[in-house]
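Below is one structure, written out as structure tokens; comments come after it.
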Amino acid sequence: MNATSKRVLTSLWTILWAVVTLHSPSAAQTSRGADVAVVVNSDTPIADLSLSEVRKVLLGERQYWNSKLPVVLLIRAPAARERDVVLRVIYQMSEAQFKQYWVAKIFRAEVAAPPRIVYSNDMQFELLTALPGAIAFVDSRNMRPGVKVLRVDGHVPGDRDYPLR
Amino acid sequence: MHRRLAVLVMMIFGANAAWAQSPPPLDQAEQIRILLERVQQLEKRVAELETKTPAAPVPAAEVSVNVPAAQKPETAEVAPAPGPMHQHEPTESQATTRQLEARYPSLQIRGFGDVNFSTTDQRGATSGFNLGQLDLHLASALSHKVTYFGELTFNAQPTGYTVEVERSIIRYDYNDFFKLSFGRYHTPIGYWNTAFHHGAWLQTTISRPDMVRIGGSFIPVHFVGLLAEGNIPSGGAGLSYNVGVGNGRGSIISRPGDAGDNNNNRAWVANLYSRPTKLYGLQMGVSVYRDKITLPVVSPAGNEFREWISAAHIVWTKENPEFLAEFANVNHKNILTNAITNNQAYYVQVGYRLPWLEKTLKPYYRFEHTHTPFSEQVFTNQDLVGSIVGLRYDITNYASFKSEYRNTKRLPTDPRVNGAFFQTDFTF
């Protein structure tokens, strides 16, 4: 193989690598974003949950904060980073599995309705402040007053061992 | 040489551009639509903020939540403070908030259906298509503590359709530890009977295991009465329970006493299961069921029996792999003669969601076995040894194709039956 052929092959490999890398979905996903805070209505009588307790809430296995206050689950719409984190870390499900999980959950008569879908941060905070018992997952850079940030496994967003990122 | 290289580069980029311009799949299109909506909302919000006067200096309490919570966790809870964020007029977002607030009653209807094709080498059997159950599920919150659930099926029969009320439940939730309901249920014995109900789309396989077959009698599939259920404070063990009292089996033992019990003895059922928090996806449980059966035909040996069902299950509900195993023993004691019989059934099912083709393929295998002794007086013979191997292909998030090969044998003297079964099932 002469020098020109080597150059050509090297160029081709470089172009192929660049094309594949640019189209790889993981390219965007590997960049680390901010922590996702677990946020509740400020009247919710809770300040600290373990990750498994958060999972129980999100799976609909824990439906009441106390006997008078039902949990109101708020989940961001598909394509939001907060939703990706919640599905990956807490549910450990794909988007399809998540949808199927809630269809099955309602069909089993375990809950009457799926989580409420919110389309923006504005909407999320409006609901968090308006609905007693509401719980949502918010990018910790976009925090606003009037809500309560829960510790997860004893950690708050920004801690090195905070699990939701 | 350079010319060839240029052509190759153009081909690669051409293919690349064509790839980029190909129509997005459905989910991607939905995501784009949602993103566009978000952009519009944000644009509207920016426009609103730009028309307002410059914001007043932010109070210290608000600043404290804007710094990373790690630095000031004690200030994470902040009472609503009057500030620029809360002074705006009612917006579209607030209108949406009002729409999302709970309203009662809030009826939701979901349907399930399936269409099947089967062919076997069983003598006398015919191959062909058949319409599975059309299943309507209703759920309606009547208040934040009271909910109604219903399930109706439309079943194809040679002379038309029959309509069946499969479940009709009104439930009062006191809290997570105590929920009380009344109505017609799927009896909480084992796992499958309360996990999948009548929607074939929910289950991996085409059919239910024989021991929990709809219309079967090995376990009482339905139950009319009251049921208490809830979680048990148990830390990482994740214990939950169901305890119920009801009519038990009717005169036709595959059916519950919907219109009234056929004796003065109530059946009761208790189910205890664990979902350990450390092993997310695992569920293990035990169930017991007690009833008095009164058969409509009186024989010299009597027509009343005590029934005692004990069952256990262990399942791994994730799909990589999926593992389901259940066992049940049905004990019958003749009240007149004290003759006792024990019937056993179990199944083991494994499946695996393959990582390729967007995880749409799931091969599976199930082995099941049922044994009824010759001296059994309540059941007709239900012996079965069978294997199924199949493949589920999820066409969309809400519809699938399934294909199965089954090999079954009933009585020792019966020949083995081989069959191919196909199903498309869906929810809507």
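Laboratory data are not the source of any read-out in this text; all were calculated from the coordinates shown. These numbers come from a predicted model, not from an experiment. As a convention, Cβ positions derive from the backbone with ideal geometry for all residues, glycine included, and neighbour counts pool all protein chains shown.
At a glance:
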quantity	calculated
Residues with amide H under 5 Å from that of A:Thr44, placed H, sequence gap 5 or more	A:Gly133
Partner chain coverage, peptide A:112-125 - average Cβ within 10 angstrom	6
For peptides B:252-262, B:119-129, sequence by mean Cβ density within 10 Å, most packed first	B:252-262, B:119-129
Ordering of B:376-382, A:53-59 by packing [mean C-beta count within 10 Å, highest first]	A:53-59, B:376-382
Whole-Å distance, taken between Cα centres, linking the stretch A:79-101 and the stretch B:291-363	33 Å
Relative contact order of the stretch B:113-427, pairs being alpha-carbon contacts under 8 Å that are 6 or more residues apart, as %	13 percent
Per-residue HN-Hα couplings for the stretch B:161-177 [Karplus 6.51, -1.76, 1.60; θ = phi - 60°; Hz; x = Gly/Pro]	10, 10, 10, 10, 8, 7, 9, 8, 9, 10, 10, 10, 9, 7, 7, 5, 9
Test item: A:92-100 mean partner chain Cβ contacts at 10 Å	4
Total lysine pairs under 21 Å (Cα atoms) in the stretch B:113-427, excluding pairs fewer than 8 apart on one chain	8
